[in-house]
Amino acid sequence: MTLIEEIVDARPGSNLAEALSHRAEILRLSQSTHDAVLFPRSPGAISHGLRAALAARMARQYEVPKLAEHYEVLIQQSREIDEQHDAATDAQTAAIVAHSDLLTLRPRDATRADIEKLQASGMGEPDIVRLAELAAFVSYQARVIKGLQALKGAK
Amino acid sequence: MTRVVENFTTQVPVWSPYIRPVELASATPEQLAAMQVTPSNKGVSPYVLTLAHDPESLAVRSPLFNQIMYGKDGLSSAERELGAVGASVVNRCIYCAAVHASRFNNLSKRPDVIDEIFDRERQAKLEPRDQAIFDFSAQLSETPPAIPEAAAANLANAGLNTLEAVDLVLSSALFGWANRLMHTLGEPTEREPSQR
């Protein structure tokens, strides 16, 4: 079972469970994108642990507690892996968190100046795109969960 | 000097990245595969070249995008596009809204729906089924999502079955993703007359 299905927990035999069975490939691909964004082979400045921590923060901002719990478990699991990678500096981490909040809470307000702040902290193009993909993916995942949960009671 | 497009439009602008895209000539094999560049397909947009900086994400997102927007049965293609437009209006992604509003118009032949949405945004008054779809996608796109208690009943009353409602969740949520890339990594600029 994929993470989204686990959290949504549609009642077996319900209309929602039946509809989701027709979208099994999409749920499987959603799990693959989760894995690619949370545990990439090339994480750059955004380590696996930092990704999990940012994702947990985003899940709380979207008010999906079970998703936040999932990412809190990943934070613990990622500690060993991260020792092999170049971590972000403190200044970069601060810039990353600020940009993560912008992408999550107020994406419509984002401008060129926000990208320039990331560049000023020393982040290159690949890390800027990695951060956008992470925030964009968690937005998708949280909204799929919230939306499907809203359909659970539907006749 | 190219001008930034500030208002919703169905004239698809040019997307201009804030960062330097990957150069096709120096792209790695992993980047080329993620961009789906083949000897017969070398046309790659600046948007895809920008996303190729993170080939692992790009490679898995493309098939997901295609399944959600172009998969068979369930919600009609036009109505999936309407879900994409609802998200793009909330997130004010002018470029995404233009592309998907144009597709809605081509599929539905009802340009009045988009005219009303671009004119009045969240206050748009639409036919009941369009209204239910647009409102749900906009509510789901807020942060945190602001889905009313009666959301599922509203969709059912407007005639959407559960599979169609699931497809609406998926297309709306997918555009929360697309908007966060397109609107934050670059901007829509006016087409030069020669590019029209």
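Just so you know, all these numbers are worked out from the coordinates, no wet-lab data involved. Note that the structure is a prediction, hence the values are computed from the model and not measured. Because the Cβ atoms are built from the backbone with ideal geometry, glycine has one as well, and the counts that use them run over all protein chains shown.
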Checklist entry - In degrees between 0 and 90, to the nearest 10, how far off the longest principal axis of chain A does helix A:65-82 point, with axes built from Cα atoms? => result 50 degrees
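At a Förster radius of 45 Å, what calculated FRET efficiency corresponds to the Cβ-Cβ distance of B:ASP73 and B:THR28, to the nearest 0.05? Mind showing how you got there, number by number?
Working: r = 38 Å, r/R0 = 0.84.
Between B:ASP73 and B:THR28 the formula returns 0.75.
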Checklist outcome for this item: Counting only residues 5 or more apart in sequence or on a different chain, those whose built amide H sits under 5 Å from that of B:SER16 are B:GLU187, B:THR189
Checklist entry - Long-range amide H contacts for B:ALA52: which residues qualify at under 5 Å (H placed 1.01 Å from N, peptide plane, sequence gap of 5 or more or a different chain)? => result B:VAL22
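Figure the gain on full extension for A:ALA17 and A:ALA120 (residue separation times 0.36 nm, minus the Cα-Cα span) and round it to one decimal in nm.
That works out to 32.3 nm of additional length.
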Next on the checklist: Output the 0 to 90 degree angle, nearest 10, between the alpha-carbon long axis of helix A:48-61 and the longest principal axis computed from the alpha carbons of chain A.
Outcome noted: 60 degrees
Item to check | Largest to smallest principal axis extent of the C-alpha atoms in the protein assembly as shown, angstrom | outcome: 54, 53, 38
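What's the Kirkwood radius of segment A:87-155 in Å, using all Cα pairs?
Working: mean 1/r = 0.0748 Å⁻¹.
Every distinct Cα pair counted, the radius reaches 13.4 Å.
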Checklist outcome for this item: In this structure, among A:LYS146/B:LYS125; B:LYS42/B:LYS109; B:LYS72/B:LYS109; A:LYS66/B:LYS72; A:LYS146/B:LYS72, pairs with alpha-carbon gaps over 28 Å are B:LYS42/B:LYS109; A:LYS66/B:LYS72
Item to check | Only Lys, Arg (+1) and Asp, Glu (-1) charged, at Cβ; the protein assembly as shown dipole about Cα centre in debye | outcome: 560 debye
Checklist entry - Each label point is 7 Å from the Cα along the Cα-to-Cβ direction; what then is the distance between the points at B:ASN41 and B:LEU107, in nm? => result 2.0 nm
Checklist outcome for this item: The extension gain from A:SER32 to A:LYS152, computed as 0.36 nm times the residue separation minus the Cα-Cα distance, is 40.8 nm
Checklist entry - Near A:THR33, within a Cβ-to-Cβ distance under 11 Å, what is the net charge of the other residues, with Lys and Arg +1 and Asp and Glu -1? => result -1
Next on the checklist: Give me a comma-separated list of calculated 3J(HN,Hα) values for segment B:83-89, in order, Karplus coefficients 6.51, -1.76, 1.60 applied at θ = phi - 60°, integers in Hz, x for any Gly or Pro.
Outcome noted: x, 5, 5, x, 4, 5, 5
Next on the checklist: Just to confirm a number: summing +1 for Lys and Arg and -1 for Asp and Glu over residues other than A:GLN119 whose beta-carbon lies under 12 angstrom from that of A:GLN119, what do you get?
Outcome noted: -1
Checklist entry - Rounded, prolate or oblate: which one fits chain B, using the alpha carbon gyration tensor with axes a ≥ b ≥ c (rounded when a/c is under 1.5, else prolate when a/b beats b/c, else oblate)? => result prolate
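Could you tell me the ratio Rg/Rh of segment A:3-151? Both radii from Cα atoms, Rh via Kirkwood. List each step's numbers first, then the result.
Working: Rg = 16.3 Å, Rh = 16.2 Å.
Looking at segment A:3-151, the ratio lands at 1.01.
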